[in-house]
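Have a look at the structure below, then the notes.
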Amino acid sequence: MPPEPSAEPLDLSATLVPGAPAATGNVTIKLGDDHIPIRVTVPVEPTTLEPLLPIFQGFLGAMVDRAVGQAAAAGLSVSCRAGCGACCRQAVPIAPSEARDVAAHVAAMPDARRTQVQARFAAARQALAAAGIGDRAATFDAATMEDRLAFGMAYFRAGVACPFLEDESCSIHPVRPLACREYLVTSPAENCRWPTMDNVRPVRLGGSLGQALIATEAVMAGHGRLLLVDALDWAAANPAPPPVHNGPSLVKGVFDVLAKLSG
Ligand code: SF4
């Protein structure tokens, strides 16, 4: 259920550099007809979006809780469980900041682990190329929804697992992209092995924070939607650090786009 107007604000913090000055402020986020109070802590110094991702991830967690509560009130329960990675063979759209975050996470892994994950990324990209969907950037950003859906189905049919999927569970669960957090279903889990528009019933969150982040970055930095499977290559090909901005403005910008997307 949406929080009551008098509810305590949800506390969300960016990743802060120890000792660096930070500021905390209250904001109300509009989500459909609801107004959700949050208290955010961000760096005082200008920042990129990457340290702010925990704020969006935390708010999305609250969106999910709210939507799952609404589904439960309607007699529906979420069928997603650890160990069911059927949805982790889909094309996962991510923002450039998420690509950098994923790449940094992989770069920080111990040598043997990093080599293993990098090899999985390379194998996944090769398998997609072999399946005829090597030119993903152009196809995924196709102009029409029909073309995008066709691409999504072709990607799924290729059966290429996310490089982070291990034993059908996410091996980077705490830092997984927003799009991964937004995908929940109340239809039978086995239907996700061959999803169609008719046999999968997604939980409606009332807006997509992942899409809001992508849209914000497309305007701000000229790089929009990427695919998770391309994250490491994209980050390596774009090593220049992104420009820094005022932290509160960045947070507000993304939530303003979410408000527009949620109607
Ligand atoms: S990052 Fe995790 S949740 Fe997302 S597709 Fe990969 S394995 Fe699945």
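The values are calculated or read from the model by the stated rules, or taken from the named source; none is laboratory data. Just so it is clear, the structure is predicted and the values come from calculations on it, not from any experiment. Each accessible area value is taken on the protein alone, full model and side chains, heavy atoms only, with ligands, DNA and RNA left out. Shrake-Rupley method; radii C 1.70, N 1.55, O 1.52, S 1.80 Å.
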Query raised in the report: For the stretch 98-179, what number results from the quotient of the Cα radius of gyration and 2.2 N^0.38 Å?
Result: 1.20
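With every protein chain present, what is the per residue accessible area of the chain (1.4 Å probe, Å²)?
Values: 13110 Å² over 263 residues.
So the chain comes to 50 Å² accessible per residue, rounded to a whole number.
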Query raised in the report: Given the Cα atoms of the chain, and with Rh set as the inverse mean 1/r over their pairs in the Kirkwood sense, what is Rg to Rh to two decimals?
Result: 0.95
Requested in this report: First compute the accessible area of the chain with a 1.4 Å probe, then give the percent of it belonging to carbon and sulfur atoms.
Outcome: 58 percent
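What Kirkwood radius, in Å to one decimal, follows from the Cα pairs of the stretch 19-155?
About 19.0 Å, per the Kirkwood formula over Cα pairs.
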Query - Where only alpha carbons of the stretch 184-224 are counted, the Rg and the Dmax (Å) - result: 14.6, 40
Query - Value of relative contact order over the chain, rounded to a whole percent, pairs C-alpha under 8 Å and six or more apart - result: 28 percent
